[in-house]
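The values are calculated or read from the model by the stated rules, or taken from the named source; none is laboratory data. No experiment lies behind these values; they were computed from the predicted model shown. No Cβ is skipped: glycine too gets one built from the backbone with ideal geometry, and neighbour counts run over all protein chains shown.
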Amino acid sequence: MASDFIKEKIKDRPVDKKRLARQIGLTAVIAVVFGVVSAVTFSLVYAHIKPSSDDSVKPVELNAQENEPEISVSEDLTATEEVSESNDDPDHTGAGASFVSGNSTEQKSDNPGENKRTTIINSITNNVDISPEGYSKLYKELHSVAAGASSALAIVTATTTDTDWFENPYKSGNSVTGLIIADNGRQLLILVDGSATKSAEEIHVRFPDGTGAVAKIMNTDPDTSLQIIGVEMSDIDEDTIRKISYANLGSSSPSSVVGTPVIAIGEPLGIIGSEAHGIITSASQEKEMSDFNVHLLTTDIPESENSSGVIIDYSGNVLGIISDGSEVETLKDMITVYSISDIKDTIENLANGRTRAYLGIIGTSVTDEAADEYGVPMGAYVINVDQDSPAMASGIQSGDVITKIGTEVIEDYDDYTTALSQLDSDVETVVTVQRFSRGKYTELTFETELSRK
């Protein structure tokens, strides 16, 4: 019997399929319930620990004036009756009438803006107080404009470590005036000439009230050398934040800006806090850069070797940025600036951490004369193509006329710059050109992958 028991085969218990199915279903239900509870719990906790909107990065939109600035005068100078009343004040102490008063003859024109300008100019030229007191009051008012705009300036010092003759390390600093343009919710953003911060080990910012903070480089444009540095908002005293202002960007259209009286502020004479007065003498010169050109505004204001800062109009709007890259070879002794209207998009891209799409051409607009006399199609004329650029890789050549980017029609070089600025880098687009061959222009298309500069 014992041996028969040992030889008995023990069978496995049969699987209860219904019970197993119930267990699997119950497990799945528990998993779903656990997931839902976890999601709800996470949402409730995250609502308390997530950064507030004040701490999150927000897009930067620059405070810019796109239209031509009007000549500003006090209300008591815009009507003959009110101007006449100011003549009864021999000391010219009326508000805003310290150096302008009197009657004027209005010359009518079909252009309302021209009528207003003519009336104002006549009022000024016919009734300027040329006494020493009048000049004194004039420049005090201009200084108050400069002082107000200076609240958007900061002194930026880039520090590096060098060694002396005996191999002893020492720190040296290079200072430049920066323009406070905006904040992104986390950092206060300041525009500077990047050539001043090259190889900087530390960047320190001093605000108009004398307080300071450490800054870091956020973004740099390789063509203009303009740079955005950022100071953590948490590192700035609340009282300082209330005292500073963001720069107002004016309009510097080449067609209207020449002859505009301006004030250079910052370090135009190489001295911190210096101030100089003059006019814009020309706006016809352009600095050719990859995929865009910048007009250079020349002035009759003497330039120092260490000039930095901005020029403003009499309303305190920034019209140009003083930079090493904006110098004109034939006018080294006079302040020349980047036209603010031409670099506004560049500044905004820098402030938002964007890199502009790069095709890689140096170009200009086809003139009406070239179109009429030589039959050149209207568009962006390619003067040169950068080495190893997407344009060269795709086959675009000097002498081509770009007439389309994607579906955007290009009628001049400004259209080209605008169309390119609306594209992201590292994307593919189709560039349409007209190329002169065998006595006529022929349309060609190139599939081009844009890149970053």
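Kindly establish whether E305 is surrounded by fewer than 24 Cβ atoms within 10 Å (Cβ to Cβ) and in contact with a strand residue (DSSP E or B) (Cβ under 9 Å, 6 or more places away or on another chain). First the steps, then the outcome.
Numbers: surrounded by fewer than 24 Cβ atoms within 10 Å (Cβ to Cβ): yes; in contact with a strand residue (DSSP E or B) (Cβ under 9 Å, 6 or more places away or on another chain): no.
Here the answer is no, as E305 does not meet what is asked.
If a residue has to be touching a helix residue (DSSP H, G or I) at 6+ places or on another chain (Cβ under 7 Å) and at pLDDT below 95 to count, how many in segment 317-334 make the cut?
Of the residues in that region, 1 qualify.
Kindly indicate whether T177 is modelled with pLDDT of 80 or more, under 21 Å from the mean Cα position of the chain (by Cα) and outside any helix (DSSP H, G or I). Break it down into steps so the answer makes sense when it comes.
Working: modelled with pLDDT of 80 or more: yes; under 21 Å from the mean Cα position of the chain (by Cα): yes; outside any helix (DSSP H, G or I): yes.
Here the answer is yes, as T177 does meet what is asked.
Does at least one position in segment 128-144 carry a residue that is modelled with pLDDT under 75, in contact with a His (Cβ under 8 Å, 6 or more places away or on another chain) and not hydroxyl-bearing (S, T, Y)? Walk me through it before giving the result.
So the first thing to find is which residues in segment 128-144 are modelled with pLDDT under 75, and the list is 128-130.
When the remaining residues are screened for being in contact with a His (Cβ under 8 Å, 6 or more places away or on another chain), the result is 129.
Retained after the next criterion (residues that are not hydroxyl-bearing (S, T, Y)): 129.
Taking every residue of segment 128-144 in turn, at least one turns out to be modelled with pLDDT under 75, in contact with a His (Cβ under 8 Å, 6 or more places away or on another chain) and not hydroxyl-bearing (S, T, Y).
Given the structure, is I362 in a strand (DSSP E or B), within 30 Å of A393 (Cβ to Cβ) and not basic (K, R)?
Details: in a strand (DSSP E or B): yes; within 30 Å of A393 (Cβ to Cβ): yes; not basic (K, R): yes.
Taking the combined requirement at face value, the residue satisfies it.
I'd like the residue in segment 233-290 that is in contact with a helix residue (DSSP H, G or I) (Cβ under 9 Å, 6 or more places away or on another chain) and part of a helix (DSSP H, G or I) and, out of all such residues, is nearest to D209 (Cα to Cα).
Step by step, filter segment 233-290, then rank; the result is K243.
Suppose the filter is without any contact (Cβ under 8 Å) to a residue 12 or more places away in the chain and not in a strand (DSSP E or B); does A371 pass it?
Details: without any contact (Cβ under 8 Å) to a residue 12 or more places away in the chain: yes; not in a strand (DSSP E or B): yes.
Criteria met by A371.
Out of all the residues in segment 213-244, which are out of contact with any strand residue (DSSP E or B) (no Cβ under 7 Å at 6 or more places or on another chain) and more than 17 Å from I321 (Cβ to Cβ)?
Correct list: S234, D237, E238, D239, T240, I241, R242, K243.
Exactly one condition in (1) of a type in the set (A, V, I, L, M, F, W, C); (2) modelled with pLDDT of 95 or more; (3) loosely packed, with under 13 Cβ neighbours inside 10 Å is not met by W165; state its number.
Condition not satisfied by W165: (2).
Regarding segment 410-423, can at least one residue be identified that is at pLDDT 95 or above, part of a loop (DSSP other than H, G, I, E, B), touching a helix residue (DSSP H, G or I) at 6+ places or on another chain (Cβ under 8 Å) and under 20 Å from V294 (Cα atoms)?
yes
With the condition kept exactly as written, say whether any residue in segment 201-217 is within 18 Å of E267 (Cβ to Cβ) and basic (K, R).
yes
In segment 221-243, which residues are in contact (Cβ under 8 Å) with a residue 40 or more places away in the chain, surrounded by fewer than 17 Cβ atoms within 10 Å (Cβ to Cβ) and under 17 Å from V156 (Cβ atoms)?
E232 - this is the single residue of segment 221-243 that is in contact (Cβ under 8 Å) with a residue 40 or more places away in the chain, surrounded by fewer than 17 Cβ atoms within 10 Å (Cβ to Cβ) and under 17 Å from V156 (Cβ atoms).
If you go through segment 320-345 one residue at a time, how many are buried (at least 24 other Cβ atoms within 10 Å of the Cβ) and more than 20 Å from P222 (Cα to Cα)?
1
Identify all residues within segment 424-446 that are in a strand (DSSP E or B) and closer than 18 Å to D291 by Cβ; write none if there are none.
First, pick out the residues of segment 424-446 that are in a strand (DSSP E or B): 428-437, 440-446.
Answer for segment 424-446, where residues must be in a strand (DSSP E or B) and closer than 18 Å to D291 by Cβ: E428, T429, V430, V431, T432, V433, F446.
Search segment 310-321 for residues that are in the same structural domain as I280 (by TED's automatic domain parsing) and closer than 12 Å to G266 by Cβ and pair each with any residue that is polar (S, T, N, Q) and in a loop (DSSP other than H, G, I, E, B) when their beta-carbon atoms are under 8 Å apart and the residues are at least 6 apart or on different chains.
Listed pairs, sorted by first residue: V318/N248; G320/S252.
Answer with yes or no whether Y381 is within 24 Å of the chain's Cα centre (by Cα), in contact (Cβ under 8 Å) with a residue 24 or more places away in the chain and either surrounded by 14 or more Cβ atoms within 10 Å (Cβ to Cβ) or outside any loop (DSSP other than H, G, I, E, B) (or both).
Values: within 24 Å of the chain's Cα centre (by Cα): no; in contact (Cβ under 8 Å) with a residue 24 or more places away in the chain: yes; either surrounded by 14 or more Cβ atoms within 10 Å (Cβ to Cβ) or outside any loop (DSSP other than H, G, I, E, B) (or both): yes.
Spelling it out, it is not the case that Y381 is within 24 Å of the chain's Cα centre (by Cα), in contact (Cβ under 8 Å) with a residue 24 or more places away in the chain and either surrounded by 14 or more Cβ atoms within 10 Å (Cβ to Cβ) or outside any loop (DSSP other than H, G, I, E, B) (or both).
Of the numbered conditions (1) within 16 Å of K453 (Cα to Cα); (2) assigned to a loop (DSSP other than H, G, I, E, B); (3) in contact with a helix residue (DSSP H, G or I) (Cβ under 9 Å, 6 or more places away or on another chain), V376 satisfies every one except a single condition; which is it?
The failed condition is (1).
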